[in-house]
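Right, one structure below, let's go through it.
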Amino acid sequence: MSEVRVNNLSNENNTGGPTISGITTYSGKHFFVPPQGDTASRPSDCEPGSLRFNTDSTHLEYFRGDTIGWVEIEAELTEPLGGGTGSNTGTGTRGIVNLAYSPGIDNRIDFITIPTLGNSQDFGDLIDARVAAGHVSSRTRDCIGGGYGPNFINNRIDSVEFASTGNAIDFGDLTASRYGVGALSNQIRGVFNGGDSVNVIDYITISSRGNAVDFGDCPTGYVQRGLGNTVRGLWAGSEGPSVGTNNTIHQITIMTTGDSTDFGDLSYGRGGWGGGSNAIRGIMMGGAPNSTTNRVNIIDFITIATEGNAQDFGDLTDDMRGSRMIGCASPTRAVKFGGYNPGVTNVMCFVNIATLGDAVDFGDLTSACSAAGSNSNGHGGL
């Protein structure tokens, strides 16, 4: 086999690398370095399958060549995460849910392994009992901010580590005490949006304990849910005693600061839906226009990279629907937890994110709950 060794190759104008066509094999013993740049410098005139390293997200990404554009390359976690016995053990992405109102305000935390169907298991406890908190997470840490307890509205942020079960410890404080917090994150930054009667958006750096700092404002203090990919964060819908019902989807760019802007609309105005996202698609299951009635069986989806209204994905069964639900996701599945239907339920169900269709049973929580909070170490922001 012929071999050519050079220190540098460039095109004829010396403005970049050469164009290499045909069947090419890279057989170096160590590595090769692809082109790199930040999110803002993503090219739009490249060929489908083009590869680059994103210096903002620190991930490889490829160009799809359709309306989705650049997509980060991700993989389902496969290492054992430790802890727990029974039906929902195994390997892969772990989801964490604080049981919140079950009934009565609670401090217990459950976990599931998302690729493995089965019942949830005990993880540990929050520092204090509270409901309607928001969760943000990296691949290693989950942070739980805000909520209200028996006699107070909370600004505390707790944290737990995904790889080991145990009780939460103090992380810092939000800029304002509130509940009904919408939350989302990428690997670096966690963002907390609004809350009942609050229009504040603030953020934390998940790897560094400390207080949240100001990000911007949302148009009103939504009681809603959040999801996103590594670049864009979205909050959808609302329901609450102070803000009323809304079908609006708002967006931010996670690694900047500033006020949220319009993205599109849900198919039906509601809050308290359960679901999550992978890097491409967000799933919103169920919810209600108020906390106790008109619980819908709708499942909506959005393409995160493309502004526009949500579209029909499938349906929940009657026992799966509810208000004040929550959810989380892996790269392949979105899972919904609990809710009020009527009365507090322990039902978990899921959909396969890439395939339109109705939700199916996942298992049961250790206790019925509503107004809970949840996240995973494999969601779309990672």
query: Ranked from highest to lowest mean number of other Cβ atoms within 10 Å per residue, what is the order of the peptides 168-179, 261-272?
result: 261-272, 168-179
query: What's the exposure ranking of Val200, Val97, Val231, Val360, going from fewest to most Cβ atoms within 10 Å?
result: Val360, Val200, Val231, Val97
query: In nanometres, what is the gap between the two model label sites at Asp312 and Thr257, each 7 Å from Cα along Cα-to-Cβ?
result: 4.4
- prompt: If all Cα-Cα distances of the range 229-313 are sorted into 10 Å bins from 0 onward, what percent lands in each bin, rounded to whole numbers?
  reply: 19, 51, 27, 3
- line: For the range 321-330, in residue order, the Karplus 3J(HN,Hα) values (coefficients 6.51, -1.76, 1.60; θ = phi - 60°; whole Hz; Gly and Pro = x) are 5, x, 10, 6, 8, 8, x, 8, 8, 10
- prompt: What is the percent of Cα-Cα separations in the range 165-235 that go past 17 Å?
  reply: 42
field: Ellipsoid semi-axes in whole angstrom, largest first, where each is sqrt(5λ) of the Cα gyration tensor of the range 94-376
entry: 23, 21, 18
Sequence ranges 126-137, 141-152, ranked by mean other-Cβ count within 10 angstrom, highest first: 126-137, 141-152
statement: Between Gly216 and residues 5 or more places away or on another chain, the pairs with built amide H atoms under 5 Å apart involve Ile201, Gly258
- request: In Å³ and rounded to a whole number, note down the convex hull volume per residue for the Cα atoms of the range 257-377.
  value: 111
message: Along each principal axis of its Cα atoms, how long is the range 86-157 end to end? Whole angstroms, biggest number first, please.
response: 39, 27, 15
task: Apply the Karplus parameterisation 6.51 cos²θ - 1.76 cosθ + 1.60, with θ equal to phi minus 60°, to every residue of the range 36-43 and state each ³J(HN,Hα) to the nearest whole Hz, in sequence, with x for glycine and proline.
output: 9, x, 7, 4, 5, 9, 4, x
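A short reminder: the numbers here are calculations on the coordinates, not readings from a lab. Here the structure is a predicted model, which is why all the values come from computation and not from measurement. For neighbour counting, all protein chains shown are included, and Cβ atoms are generated from backbone atoms with ideal geometry for every residue, glycine included.
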